[in-house]
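For reference, the structure is listed below as structure tokens.
The values are calculated or read from the model by the stated rules, or taken from the named source; none is laboratory data. Predicted model, so just to flag it, every value in this text is computed and none were measured. Cβ placement follows ideal geometry from the backbone for every residue including glycine, while neighbour counts extend to all protein chains displayed. Remember, those area values only see protein heavy atoms, side chains included, never the ligands or the DNA or RNA. Shrake-Rupley method; radii C 1.70, N 1.55, O 1.52, S 1.80 Å.
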Amino acid sequence: MLVENVALHVPSMEELAEVVGVGLKKNYKEWSCSVVDCPDLSKAPFGLASNGICGRTRLVDVGGVPNLVPVSQYMEKVYNLQDISERVGTPGCFILGAGAGSKHVVGCNCELMPNFRCEGGERERVNLCHVARVKSDGGYLLQNYENDHGSSSEFSLLANLFCSDGKQGKVLEVRGKCRIGEKDLVGCMRGALKEHFGPNRPIGMGGTFLVNKGKIKIHVMPDFSETPLTSDNDVNNWLKFYEVTSPFMCLSTFITEDCGLDLRVEHTHGYNANSGVGGHYHYDVTPDEVEYIGYFTPAEFIYRVDRPSTTHNIGRD
Ligand SMILES: [Zn+2]
């Protein structure tokens, strides 16, 4: 399996906070961005499999949408979070992000919310991965890998992951309330960083954010399409879209540049185990009410694992 990597530009946390603040200011009536000590993110409402997101940080883009569109290659494209941690040189790491659950494990194609402390070194495995799957009545079901699927750590087709030692340390605390711009939270942060640092200083980030108030639009992938999906329109007609209410905890990765690696430049999934909702985050649908609080940290490297040999830009939104 081909594994490539590129070192990313890692500015000071203070500079990151200043630049992200420029983006937040354009998008939210009330906002703040500051460098803080990472709170214990293993506690509610975040509930991560580790208490922090710092130490040996890496973004990892595995597979890609070309493994799903136009036709699924799920029989061949099977991956494992534990194996990925070793391939990127950080055994025992904490992994969060967005991907496709394994049909071999779950029984149908589904959304994966990776939230996983890998085994390795002195670390014990903690599996808080969740999946959202579409039901035959058109609704969907949130399940977890630990209790519902034999503590699997398998996924298929694609994933955008953020790996770290899962330690505490300095992080960016991002707040936004009452949206006045057109962008979602991740898009507004990414846009400001891209504009400031430009193509030669790629910035990658990962972390978690909570939609604390308001409603958001999400999608959940149904089982594989019987007909090939050959356009964004086909993909959107196949996906199932839902509106969900807050609170909603998101696991997020983004990068400002493609780095010649054929990347998906932003990808965020989330869930709320108490209300049984989960899926792929798009944006909020209640600009006046929406309120976000998030914690992010920069990645030192982008790793590209098993990039598809033929590629296209369909379905990457
Ligand atoms: Zn997704």
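Per-residue answers, yes or no, for (1) among the aliphatic types (A, V, I, L, M); (2) out of contact with any strand residue (DSSP E or B) (no Cβ under 6 Å at 6 or more places or on another chain):
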| position | (1), (2) |
| --- | --- |
| Gln168 | no, yes |
| Cys178 | no, no |
| Glu195 | no, yes |
| Gly198 | no, yes |
| Arg201 | no, yes |
| Gly206 | no, no |
| Phe209 | no, no |
| Val220 | yes, no |
Quiz item: Among (1) part of a strand (DSSP E or B); (2) touching a helix residue (DSSP H, G or I) at 6+ places or on another chain (Cβ under 7 Å), which single condition is Glu4 missing?
Solution: (2)
Exercise. Identify all residues within the stretch 204-231 that are of a type outside the set (A, V, I, L, M, F, W, C), open to solvent by 30 Å² or more (accessible area, probe 1.4 Å) and in a loop (DSSP other than H, G, I, E, B); write none if there are none.
Key: Asp223, Ser225, Glu226, Thr227, Pro228, Thr230, Ser231
Quiz item: So which residues in the stretch 5-20 are in contact (Cβ under 8 Å) with a residue 24 or more places away in the chain and surrounded by 14 or more Cβ atoms within 10 Å (Cβ to Cβ)?
Solution: Asn5, Val6, Leu8, His9, Val10, Pro11, Met13, Leu16, Ala17, Val19, Val20
Quiz item: For the stretch 145-167, does any single residue satisfy the condition of being farther than 27 Å from Asp306 by Cβ, in contact (Cβ under 8 Å) with a residue 60 or more places away in the chain, within 15 Å of the chain's Cα centre (by Cα) and within 16 Å of the ligand (Cβ to nearest atom)?
Solution: no
Quiz prompt | Set His282, His269: member being open to solvent by 20 Å² or more (accessible area, probe 1.4 Å), under 16 Å from the mean Cα position of the chain (by Cα) and not charged (D, E, K, R) | solution = His282
Practice problem: Could you check, for the stretch 133-144, whether at least one of its residues is within 16 Å of the ligand (Cβ to nearest atom), within 28 Å of Val69 (Cβ to Cβ), hydroxyl-bearing (Ser, Thr, Tyr) and open to solvent by less than 10 Å² (accessible area, probe 1.4 Å)? | Solution: no
Exercise. From (1) more than 16 Å from the ligand (Cβ to nearest atom); (2) open to solvent by less than 30 Å² (accessible area, probe 1.4 Å), pick out the condition that doesn't hold for Glu243.
Key: (2)
Self-check item: Filtered residues of the stretch 259-288 (kept if charged (D, E, K, R) and either over 29 Å from His312 (Cα atoms) or more than 9 Å from the ligand (Cβ to nearest atom) (or both))
Solution: Asp262, Glu266, Asp284, Asp288
Quiz item: Restricting attention to the stretch 287-294, does a residue exist that is touching a Pro at 6+ places or on another chain (Cβ under 8 Å), farther than 25 Å from Thr310 by Cβ, open to solvent by less than 20 Å² (accessible area, probe 1.4 Å) and in contact (Cβ under 8 Å) with a residue 24 or more places away in the chain?
Solution: no
Quiz item: Does Ser252 fit the bill of being of a type in the set (S, T, N, Q) and open to solvent by 20 Å² or more (accessible area, probe 1.4 Å)?
Solution: no
Quiz prompt | Sole exception among (1) surrounded by fewer than 14 Cβ atoms within 10 Å (Cβ to Cβ); (2) under 30 Å from Val3 (Cβ atoms) for Cys259, by number | solution = (1)
Quiz prompt | Boolean, Ser32 is hydroxyl-bearing (Ser, Thr, Tyr), open to solvent by 30 Å² or more (accessible area, probe 1.4 Å) and either outside any strand (DSSP E or B) or touching a His at 6+ places or on another chain (Cβ under 6 Å) (or both) | solution = no
